[in-house]
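Just so it is clear, none of the values below were taken in a lab; they were calculated from the coordinates. From a predicted model like this one, the values you see are computed outputs, not experimental measurements. Cβ sites come from the backbone with ideal geometry, for glycine too, and all protein chains shown count toward neighbours.
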Amino acid sequence: MGPCGLTSSKTALVFLNLIFWAAAGILCYIGAYVFITYDDYDHFFEDVYTLIPAVTIIAVGALLFIIGLIGCCATVRESHCGLTAFVVLLLLVFMTEMAVVLLGYVYREKVEDEVNGSIVKVYGEYNGTNSNAQSRAIDYVQRQLQCCGIHNYSDWEHTHWYEESKNNSVPISCCNASAAGCTGSLSHPQDLYQEGCEALVVKKLKEIMMYVIWTALTFAAIQMLGMLCAGVVLCRRSRDPPYEPLITGGTLA
């Protein structure tokens, strides 16, 4: 490979390291977003291991920032040791991201079972007060996802809260935002959200997990390109002898 190829590889590598810095911020943001979103729905699943992909992707983001710094310094100086460490660290991060993808798919398939197994219990513990965590969670989900009940609004008729209230109504959070003067009364079902929350909660959590999976795959592909460019620079440095100018009579030959 000629000097042009080496220069191109170095330029691409420096550019990729800048991308790694940006990626570090993006990965940490996505991991934090997953944490915050799952916190809103944590009453609907009990498996804390579902958050492992989010924890891992935040750790990867922090490590990528360090890797980008090492890569830039090593590329500019053409340091064999630095570039080797850069490639090894990128390989470790690549393997970690593949693990994130695998875990993401595994937990994505478990989301439906988790929600199905807990949502009935959560609705059963609803009491309509803001001091009750289950009540806050259900009201939030019904407003946010525009749903009512587990499968539909009629599910509320089988809850302890409905039997205690004895007013033939569902929570106000079931009211369609476009329905003026809605009180949650079952005598006006057209004012209520018609879709149940179970399917929408499952869909939302699966979408979040897919964000993690596609993010990990995207940056894994970029890291493969970074390892390739670093490998080109390393091979070139190992094959080329140190440049020593030939001096004759006090001038360069």
Margin query: Suppose each label sits 7 Å from its Cα in the direction of the beta carbon; what would the VAL55-ALA199 distance come out to in nanometres?
Written below: 3.4
Notebook entry, point to check: Looking at the square roots a ≥ b ≥ c of the eigenvalues of the Cα gyration tensor of region 47-131, which shape do they give, rounded for a/c under 1.5, prolate if a/b is larger than b/c, or oblate?
Noted result: prolate
Check: In sequence order, what are the phi-derived ³J(HN,Hα) couplings for region 139-149 according to the Karplus relation 6.51 cos²θ - 1.76 cosθ + 1.60 with θ = phi - 60°, rounded to whole Hz, with x for glycine and proline?
Finding: 4, 4, 5, 5, 6, 5, 9, 6, 9, 8, x
Item checked: Relative intensity, log₁₀ I(q)/I(0), of region 28-173 from a Debye sum that treats every alpha carbon as a point, q = 0.14, 0.22 Å⁻¹ -> -0.76, -1.28
Next item on the list: Determine the gain in length on full extension of the stretch SER185-THR84; use 0.36 nm per residue of separation and subtract their C-alpha separation, reporting nm with one decimal.
Entry: 29.5 nm
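State the extension gain, in nm to one decimal, for the chain segment bounded by ALA133 and CYS235, taking 0.36 nm per residue of separation less the distance between their alpha-carbons. Before the final figure, lay out each step's value.
Working: separation 102, 0.36 × 102 = 36.72 nm, distance 5.95 nm.
Result for the pair: 30.8 nm of gain on full extension.
May I ask for the Kirkwood hydrodynamic radius of region 156-229, worked out over all distinct Cα pairs and given in angstroms to one decimal? Spell out each step's value before the answer.
Details: mean 1/r = 0.0626 Å⁻¹.
It is 16.0 Å.
Could you compute Rg(Cα) / (2.2 N^0.38 Å) for region 124-168, with N its residue count?
Values: Rg = 10.2 Å, N = 45, 2.2 N^0.38 = 9.3 Å.
Here the Cα radius of gyration is 1.10 times the empirical estimate.
Compute the FRET efficiency between LEU69 and MET95 as 1/(1 + (r/R0)^6), taking r as their Cβ-Cβ distance and R0 = 22 Å, and round to the nearest 0.05. Walk me through the numbers before you get to the answer.
Numbers: r = 21 Å, r/R0 = 0.94.
So the FRET efficiency works out to roughly 0.60.
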Check: With charges only on Cβ, +1 for K and R and -1 for D and E, what is the dipole size of region 125-234 about its Cα centre, in debye, rounded to 20?
Finding: 460
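Output the direction-averaged projected area (hull surface divided by four) of the convex hull of the alpha-carbon atoms of region 94-217, in nm². Please report the intermediate quantities before stating the final value.
On the way: hull surface 34.4 nm².
The directionally averaged projection comes out at 8.6 nm².
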